[in-house]
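Report on the following structure.
The values are calculated or read from the model by the stated rules, or taken from the named source; none is laboratory data. Computed from a predicted structure; not experimentally measured. Ideal geometry is used to build each Cβ from the backbone, glycine not excepted, and the neighbour counts take in all protein chains shown. The area values use the complete protein model at the heavy-atom level, side chains included, leaving out ligands, DNA and RNA. Shrake-Rupley method; radii C 1.70, N 1.55, O 1.52, S 1.80 Å.
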Amino acid sequence: AAPLLPSGGFQIEVPPGSYYLGAVVRQSPGPAMGPPREGDLVFMTPDRLDQGLLVDIGPGEKVDVGVRNLSWSYQGMTVDGGLAVTGRVLDRRGEPVSGLLVFGFGDPEMSQRPLAVSQRTDSDGRYALRLARPGQVYLRVRENYGGGTPAEGGYMGVYGGQMAVPVPVSEDQVVEGTDITVFKIPQRKSGGMKMRPSVQ
């Protein structure tokens, strides 16, 4: 990922390979990083026909993709065809939890780079995770991007509970009703044992 320059240009250094490119121009309040939010402009990939800009890069090669000025406005959770997993994020009492991210992984350990990430859950805990290709996906819920130890007092959860359960997604399928239960990470109590002053 790389921020867009004021001119609208960008430069990304990547290993040789094939890549789909995309860009989000924020029209909504909130952090710069993350998936599109309702009203944001989405450029290059995917468009409304599920066509994307595929770029092949060889060793030491520089590729100029030119000017891309066609965009579409992201309109939230609605999933019209394509591949996706949808559902709700709930706490242990069955109450919806808003503001969380659902990550999709290709491996059960969920240690590799995510295949996809949803926008933040809405007030009813709903999410929509769009996928690029069919197959099995493992779901994890977190509050923030990146790895590392989850923040104290935040939420975390895995579809399937303690052991991750894969969600099979077939060609052109939207898998609905995939609810995920999360738990709140306890906060450490501040302070330690009070020492009694010594008497001499």
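Quick one: residue 130 ticks every box in (1) closer than 23 Å to residue 32 by Cα; (2) part of a loop (DSSP other than H, G, I, E, B); (3) open to solvent by 40 Å² or more (accessible area, probe 1.4 Å); (4) not small (Gly, Ala, Ser) except a single one, so which number is it?
Against the list (1) closer than 23 Å to residue 32 by Cα; (2) part of a loop (DSSP other than H, G, I, E, B); (3) open to solvent by 40 Å² or more (accessible area, probe 1.4 Å); (4) not small (Gly, Ala, Ser), residue 130 comes up short only on (2).
Could you list, in sequence order, all residues of the stretch 96-127 that are acidic (Asp, Glu) and open to solvent by 60 Å² or more (accessible area, probe 1.4 Å)?
Taking the stretch 96-127 first, the residues acidic (Asp, Glu) are 107, 109, 122, 124.
Correct list: 109, 124.
Taking only pairs six or more apart or across chains, which ones have beta-carbon atoms under 8 Å, a first residue in the stretch 22-39 that is closer than 16 Å to residue 129 by Cβ and small (Gly, Ala, Ser), and a second residue that is surrounded by 13 or more Cβ atoms within 10 Å (Cβ to Cβ) and modelled with pLDDT of 85 or more?
Once the first residue is closer than 16 Å to residue 129 by Cβ and small (Gly, Ala, Ser) and sits in the stretch 22-39, its partners that are surrounded by 13 or more Cβ atoms within 10 Å (Cβ to Cβ) and modelled with pLDDT of 85 or more give 34/101; 34/117; 34/120.
Can you give me the number of residues within the stretch 97-116 that are over 21 Å from residue 184 (Cα atoms), at pLDDT 90 or above and in a strand (DSSP E or B)?
Of the residues in that region, 1 qualify.
Considering only residues of the stretch 23-62 that are modelled with pLDDT under 70 and open to solvent by 60 Å² or more (accessible area, probe 1.4 Å), which is nearest to residue 119 (Cα to Cα)?
It comes out as 46.
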